[in-house]
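Just below is one structure, and these are the notes that go with it.
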Amino acid sequence: MPYRCSHLRSVSGATPVRWASAAILSPRVTRNAPARNNRCVVPEGDSLHRAAQRLQVLAGQRVEVETPHPRAAAKGIVERLDGRTLESVEAVGKNLLLRFEGGLVLRSHLRMTGRWRVGKKGAARTGRPWLVLRGAEHEAVLWNGPVLELHRGGGRLRRLGPDILAQPPDLDAMLERLRHADQARHVGDAMLDQQLVSGIGNMWKAETLWDARLSPWRPLAEVTDEELRAVLQSAHRLMSGSVGGARPLRRIYRRAGRACPRCGTPIRSHPQGDDARIAYWCATCQAGGGDVAAPA
């Protein structure tokens with residue numbers, strides 16, 4: 001099934017943007033706050049890179065800053081950023097970094113529900129966004145943005161692992177971090193640790209491991225360096241394709257009980273890790289890790 005949940009919607013809000021490069025780079029007017037949809041895929045690294053591409057229309061401009069949401073207003077962002085030049089916009093892992101003149105960096109993390117919208121300046125909207133950045137012709141609006149931090153320098157980003165979407169990705173550094181982690185940890189759980197590899201979320205974990213034919217339940221100690229490198233290369237390739245315009249296909253994510261597209265075995269699901277994120281896998285194509293759970 002094609003991935004239907006768009007983080008950047010068209011004017012009406014009813015039709016998802018098709019991930020052609022023009023759709024990514026061309027700002028579209030957004031009239032309303034995004035509806036909360038529990039089936040919407042949580043933003044991952046590729047979503048943030050697409051948002052960074054669209055926010056480039058404001059780079060190099062002095063921006064007006066508004067924080068309509070009281071929780072955002074309490075952070076004093078307007079007082080420190082209004083009227084400053086937005087020098088650059090960069091995605092690092094699941095973080096969006098907006099660098100302003102004077103060395104100030106605004107970090108945005110979307111968590112489960114946050115969305116950035118870019119449209120024409122003054123476009124009508126309903127609802128109360130967290131943040132509005134207004135340039136000469138366009139404005140960027142952050143909805144449901146639970147994490148907004150203003151600081152100088154790298155801040156907590158220094159703890160992040162290498163970005164899976166870096167060009168080129170530092171696979172050696174990722175492999176080194178994975179090997180210094182607890183080797184009893186399951187590979188699927190380790191892939192979500194942003195201090196080991198940044199940018200991969202639950203959807204791409206499932207799709208990447210399926211693509212590489214590796215069970216999420218294999219302990220790191222039982223996964224060879226070659227297998228880990230293949231998984232990381234797969235994640236980089238699939239996610240880069242999404243950033244570049246390809247519409248992501250959900251082969252197994254949230255398809256528990258349906259036939260594996262490769263072999264026909266029912267897809268299984270089970271909570272994994274301390275955060276109990278649901279893992280999806282094919283017990284035939286992705287052998288290893290033991291009999292973890294009954295079919296969903």
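Filtering segment 50-64 to residues that are under 13 Å from VAL141 (Cα atoms), of a type in the set (D, E, K, R) and either at pLDDT 95 or above or not in a helix (DSSP H, G or I) (or both) leaves only GLU64. Of the numbered conditions (1) modelled with pLDDT of 90 or more; (2) surrounded by fewer than 18 Cβ atoms within 10 Å (Cβ to Cβ); (3) closer than 30 Å to ALA276 by Cα, ASN144 fails exactly one; give the number of that condition. In the conditions (1) modelled with pLDDT of 90 or more; (2) surrounded by fewer than 18 Cβ atoms within 10 Å (Cβ to Cβ); (3) closer than 30 Å to ALA276 by Cα, ASN144 misses (1) alone.
Which residue out of GLY76, GLY83, GLY93 is of a type outside the set (Val, Ile, Thr), within 28 Å of SER198 (Cα to Cα) and in the same structural domain as ARG115 (by TED's automatic domain parsing)? Before the answer, list the steps.
Values: GLY76 fails: within 28 Å of SER198 (Cα to Cα); GLY83 fails: within 28 Å of SER198 (Cα to Cα).
Unique residue meeting the criteria: GLY93.
Look at segment 222-250: where a residue is closer than 22 Å to GLY288 by Cβ and a partner is modelled with pLDDT under 85 and not in a helix (DSSP H, G or I), sitting 6+ places away or on another chain with Cβ atoms under 8 Å, you get GLU222/GLY288; LEU238/PRO248.
Can you tell which of GLY273, GLY245 is on the phi > 0 side of the Ramachandran plot and touching a Phe, Trp or Tyr at 6+ places or on another chain (Cβ under 6 Å)? Quick ask: steps written out before the conclusion?
Details: GLY273 fails: touching a Phe, Trp or Tyr at 6+ places or on another chain (Cβ under 6 Å).
Step by step, each of GLY273, GLY245 is checked, and only GLY245 is on the phi > 0 side of the Ramachandran plot and touching a Phe, Trp or Tyr at 6+ places or on another chain (Cβ under 6 Å).
LEU160 meets the conditions (1) modelled with pLDDT under 90; (2) surrounded by 20 or more Cβ atoms within 10 Å (Cβ to Cβ); (3) under 16 Å from the mean Cα position of the chain (by Cα) in every case but one. The failed one is (2). Taken over segment 198-216, the criterion of being crowded, with 24+ Cβ neighbours inside 10 Å, among the hydrophobic types (A, V, I, L, M, F, W, C) and at pLDDT 95 or above is satisfied by ALA206, LEU209, TRP210, LEU214.
Of the residues contained in segment 173-181, one or more are found to be over 26 Å from TRP281 (Cα atoms) and either buried (at least 16 other Cβ atoms within 10 Å of the Cβ) or small (Gly, Ala, Ser) (or both). When ARG177, ARG213, ARG218 are checked against the criterion of being over 18 Å from the mean Cα position of the chain (by Cα) and on the phi > 0 side of the Ramachandran plot, ARG213 stands alone in meeting it. When you scan segment 224-235, do you find a residue that is buried (at least 23 other Cβ atoms within 10 Å of the Cβ), touching a Ser or Thr at 6+ places or on another chain (Cβ under 8 Å) and of a type in the set (A, V, I, L, M, F, W, C), even just one? Yes; the residues of segment 224-235 include at least one that is buried (at least 23 other Cβ atoms within 10 Å of the Cβ), touching a Ser or Thr at 6+ places or on another chain (Cβ under 8 Å) and of a type in the set (A, V, I, L, M, F, W, C). Taken together, TRP210, TRP204 contain a single residue that is touching a residue at least 40 places away in the same chain (Cβ under 8 Å), closer than 21 Å to LEU48 by Cα and in a helix (DSSP H, G or I), which is TRP204. Considering segment 217-252, the residues that are at pLDDT below 95 and in contact with a strand residue (DSSP E or B) (Cβ under 7 Å, 6 or more places away or on another chain) include one that is nearest to CYS285 (Cα to Cα), namely LEU249.
The values are calculated or read from the model by the stated rules, or taken from the named source; none is laboratory data. Everything numeric in this text was worked out from a predicted model, so none of it was measured. Cβ coordinates were reconstructed from backbone atoms using ideal geometry, including for glycine residues, and neighbour counts include every protein chain displayed.
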